[in-house]
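For reference, the structure is listed below as structure tokens.
The values are calculated or read from the model by the stated rules, or taken from the named source; none is laboratory data. Just so you know, these numbers come straight off a predicted model, no measurement behind them. Here the Cβ positions follow ideal geometry from the backbone for every residue, glycine too, while neighbour counts run over all protein chains shown.
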Protein chains: 2
Amino acid sequence: MSGRERRPVTIYEVAERAGVSIATVSRALRDSELVAAPTRRRVQQVAEELRFRPSRAGRALAEGQHAANGIVFPDLSGPYYAEVVLGYEEVVAKLGRSVLILATNGRPNAAEAVLELAGRVDGMVIMGRTVADEVVARIADTGLPLVLLARPPVGLVDTIMTDNEHSARDLAAHLLGHGHRTFAFLGDPDESPDVAGRYAGFRQALTDAGVDPPDPTRCAFDVRAGYAAARELLSRTRPNAVVCANDEVALGALQAAEDLGLSVPGDVALTGWDDIMAARYTRLTTVHQPMRALGATAARRLDERIHGVATKTRPDVLPTRLIVRTSCGPHDREV
Amino acid sequence: MSGRERRPVTIYEVAERAGVSIATVSRALRDSELVAAPTRRRVQQVAEELRFRPSRAGRALAEGQHAANGIVFPDLSGPYYAEVVLGYEEVVAKLGRSVLILATNGRPNAAEAVLELAGRVDGMVIMGRTVADEVVARIADTGLPLVLLARPPVGLVDTIMTDNEHSARDLAAHLLGHGHRTFAFLGDPDESPDVAGRYAGFRQALTDAGVDPPDPTRCAFDVRAGYAAARELLSRTRPNAVVCANDEVALGALQAAEDLGLSVPGDVALTGWDDIMAARYTRLTTVHQPMRALGATAARRLDERIHGVATKTRPDVLPTRLIVRTSCGPHDREV
DNA sequence: AGAACGAATGTAAGCGCTTCCAACGACGGA
DNA sequence: TCCGTCGTTGGAAGCGCTTACATTCGTTCT
């Protein structure tokens, strides 16, 4: 119907066609109350006819703010981050702002991308191990409101974490209650602050109980890595229980145990972290994380910062909950 | 360290401090080749010192494009959409553009939000049942490049779908091969074009085979709804096989069967769709969807449109793959 | 030596919007 | 009747950037 390469309709054309000034158009399309009702209607009608779609860039420039927030996360493939992002998006959208996302996942120029993102938003949250502290500090230094998620504090920036250490202690206590005395820990504390906290709490709890804590058996964060590491580990030694850094690793370990002809929890107990959907169906004992709440909380905190409400930085720690299923040991003959 | 309420550093300050014009700053920070090396270095140094973060709004306005793409999806909670978004983000980022997301999930003013989003991007993809065709048409009408994902075509807009009908036939054939002759279909074809396609293909395949196809047992798209619907269904009747519109519904149905003391696939066979992670661990026969590829393809197609490369609209159908596990019936005694 | 050229940089005009301030009438009160 | 007021609208500046075009100034060529 319409011609090719149509230039977008601007406020000027609407103004001309409606026989008013651009100021009036601008007002009619927003302020409403400042412009007479008939004029307002006419302008809106013309805007509609012309399919006028105001350029947000123009508005952003004029208003001096983007009305958009960013979020940086390592990946979206696990259920973990997706939930967090969703919780974030929900709240941010409710505040009338848009959401820019950036996955750094093994992107070579992550720092650059984050810096670029910083120029498009009024504030952003940065999750876990995505970019170097240096980059975070640099951005914070420009005055851009920032919230860190599941990542140790950098300078004076707000931080939100889950209580990994606490749940690690709960988990350790539960495992000890089952009578387990020899352990392995699958995951790399250096790879993520979450894992570091989990391992630290776990180690501490065992030490407190007079049990010798294991060194971590380092492996990446996915099912495949968990499988490989567990297979190697279990064919070499046989701990009472294998504590995995997250559910995906545990799922891999479960498969490895099965392939080695080992029963879980009969021959070896197994636990995860995060309580992803698959954990429920594999009866995996794990730790539930309030992912959605994590994202939502970050969004709200960031908004306070953006509007200059929040005064001093306060770290926030969200509670976690131990989910006992059957992979950790027999509970009244259920298995 | 620095004062409160610092106004962001602009290109003017950098220019002044470096003793050059803003044009030179702009060039030094990008063109590079047009400005003498020493000047370039000096400018970059000053920009660094001042923590200059160029406002993307200014640039967008000057260049007449946002260098950002949008994506609209219903939800992110299932693994399905998350993967699609991730595939999309990956490609878009590689093209040097940013990604704006919008989840419409039961948001009352979805249409408005999508319209607003349209003013911030150079193009966007719209998934499944998020907004009315009317809204899509309205946006397409403004000339904004658009790609539809898992949604029936609207006007002359590009569309990308997965081959639901084809896989539905494969699935039906497989089920018939197991000797199943009475069926139920759990899911609402009116709720999503994907489900509609699945049901249509399934129904057709049964009809072709001379088997009476069931009417759909309508239910929402989540585990809980699947559980409720299946529980009701299975306590009323006993089909040989229950074909579920997606894995989450199937997971609910599985639980329902278990609670009713029914064995799967002994008493009733069960299948899903999507091949989410949990499906693997519940040994659910399902249909694998190339979600990541879906997002990536959409991103590329959109980019062609934005750059005016693509000429005529072509619908794209991505292949799916039947994943046979054990929930559909016994395969050489494996169960 | 003077002209022609090219590299380096500056000038300034926008990009599309918001909003302060001024202008303009119509109206009511003194 | 005149003026102050208020409701409505327009004029115009300016947000921070890019870029076409102009300017400047060494070089080189004749």
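Could you pull out every one of the strands (runs of 3 or more DSSP E) wholly within the stretch A:64-139 that has 1 or more residues that are under 30 Å from A:R280 (Cβ atoms) and more than 9 Å from every other protein chain (Cβ to nearest Cβ)? Steps first, please.
Numbers: elements: A:68-73, A:98-103, A:124-127.
By residue number, A:68-73, A:124-127.
Have a look at B:T313, B:T297, B:T285 and point out the one that is more than 22 Å from B:I71 (Cβ to Cβ) and either touching a strand residue (DSSP E or B) at 6+ places or on another chain (Cβ under 8 Å) or among the aliphatic types (A, V, I, L, M) (or both).
None of the other options fit; the residue is B:T285.
So which residues in the stretch A:31-44 are in contact with a helix residue (DSSP H, G or I) (Cβ under 9 Å, 6 or more places away or on another chain), away from chain B (no Cβ under 14 Å) and in a helix (DSSP H, G or I)?
A:T39, A:R40, A:R41, A:R42, A:V43
I'm told A:R42 meets every condition in (1) of a type in the set (D, E, K, R); (2) more than 16 Å from DNA strand D (Cβ to nearest atom); (3) touching a residue at least 12 places away in the same chain (Cβ under 8 Å); (4) outside the structural domain of A:R151 (by TED's automatic domain parsing) except one. Can you identify the failing condition by its number?
(2)
Of all the residues that make up the stretch B:31-44, how many are over 22 Å from B:G96 (Cα atoms) and surrounded by 13 or more Cβ atoms within 10 Å (Cβ to Cβ)?
5
Determine, yes or no, whether A:T271 is touching a residue at least 12 places away in the same chain (Cβ under 8 Å), more than 18 Å from B:A82 (Cβ to Cβ) and in contact with a Pro (Cβ under 9 Å, 6 or more places away or on another chain). Spell out the reasoning first.
Details: touching a residue at least 12 places away in the same chain (Cβ under 8 Å): yes; more than 18 Å from B:A82 (Cβ to Cβ): yes; in contact with a Pro (Cβ under 9 Å, 6 or more places away or on another chain): no.
No: the conditions fail for A:T271.
Tell me which residues, restricted to the stretch A:224-280, are hydroxyl-bearing (S, T, Y) and either within 14 Å of chain B (Cβ to nearest Cβ) or under 25 Å from B:D275 (Cα atoms) (or both).
Hits for the stretch A:224-280 are A:Y227, A:T271.
Would you pick out the residues in the stretch A:281-293 that are aliphatic (A, V, I, L, M) and either within 14 Å of chain B (Cβ to nearest Cβ) or without any contact (Cβ under 8 Å) to a residue 12 or more places away in the chain (or both)?
Selection gives A:L284, A:M291, A:A293.
Conditions: (1) part of a loop (DSSP other than H, G, I, E, B); (2) within 16 Å of DNA strand D (Cβ to nearest atom). B:A47 meets all but one. Number of the miss?
Among (1) part of a loop (DSSP other than H, G, I, E, B); (2) within 16 Å of DNA strand D (Cβ to nearest atom), B:A47 violates only (1).
Can you name the residue in the stretch B:1-30 that is away from chain A (no Cβ under 14 Å) and exposed (fewer than 12 other Cβ atoms within 10 Å of the Cβ) and, of all such residues, is farthest from DNA strand C (Cβ to nearest atom)?
Filtering first and then ranking leaves B:Y12.
Here is a yes/no grid of residues against (1) under 30 Å from B:G78 (Cα atoms); (2) within 16 Å of DNA strand C (Cβ to nearest atom); (3) not small (G, A, S):
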| position | (1), (2), (3) |
| --- | --- |
| A:L34 | no, yes, yes |
| A:V43 | no, yes, yes |
| A:E49 | no, yes, yes |
| A:F52 | no, yes, yes |
| A:S55 | no, yes, no |
| A:A68 | yes, yes, no |
| A:I71 | yes, no, yes |
| A:P74 | yes, no, yes |
| A:G87 | yes, no, no |
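Have a look at B:A173, B:A168, B:A209 and point out the one that is of a type outside the set (V, I, T) and crowded, with 20+ Cβ neighbours inside 10 Å.
On the way: B:A173 fails: crowded, with 20+ Cβ neighbours inside 10 Å; B:A209 fails: crowded, with 20+ Cβ neighbours inside 10 Å.
After applying the criteria, what remains is B:A168.
From the list A:I306, A:I276, which residue is within 30 Å of A:T142 (Cβ to Cβ), in contact with a Gly (Cβ under 8 Å, 6 or more places away or on another chain) and not aromatic (F, W, Y)?
A:I306
What about A:V154, is it surrounded by fewer than 20 Cβ atoms within 10 Å (Cβ to Cβ), more than 7 Å from chain B (Cβ to nearest Cβ) and among the β-branched types (V, I, T)?
For A:V154, the condition - surrounded by fewer than 20 Cβ atoms within 10 Å (Cβ to Cβ), more than 7 Å from chain B (Cβ to nearest Cβ) and among the β-branched types (V, I, T) - is met.
Condition (residue is of a type in the set (A, V, I, L, M) and on the phi > 0 side of the Ramachandran plot) applied to the stretch B:227-244: is it met by at least one residue?
Checked against the condition, which is being of a type in the set (A, V, I, L, M) and on the phi > 0 side of the Ramachandran plot, the stretch B:227-244 yields no hits at all.
Just to verify a result, which residue in the stretch B:73-85, among those that are surrounded by fewer than 24 Cβ atoms within 10 Å (Cβ to Cβ) and under 10 Å from the mean Cα position of the chain (by Cα), is nearest to B:D133 (Cα to Cα)?
B:P74
Would you mind telling me which numbered condition in (1) touching a His at 6+ places or on another chain (Cβ under 6 Å); (2) surrounded by fewer than 20 Cβ atoms within 10 Å (Cβ to Cβ) B:N105 fails?
For B:N105, the exception is condition (1).
In the stretch B:91-101, how many are in contact with a Lys or Arg (Cβ under 8 Å, 6 or more places away or on another chain) and not β-branched (V, I, T)?
Count: 3.
Taking only the stretch B:52-63 into account, find how many residues are at the interface with another protein chain (Cβ under 7 Å from one of its Cβ atoms) and either surrounded by 24 or more Cβ atoms within 10 Å (Cβ to Cβ) or out of contact with any Ser or Thr (no Cβ under 7 Å at 6 or more places or on another chain) (or both).
7
Taking the residues in the stretch B:286-300 that are of a type in the set (A, V, I, L, M) and not in a strand (DSSP E or B) as candidates, determine which candidate is surrounded by the most Cβ atoms within 10 Å (Cβ to Cβ).
Here the residue is B:A298.
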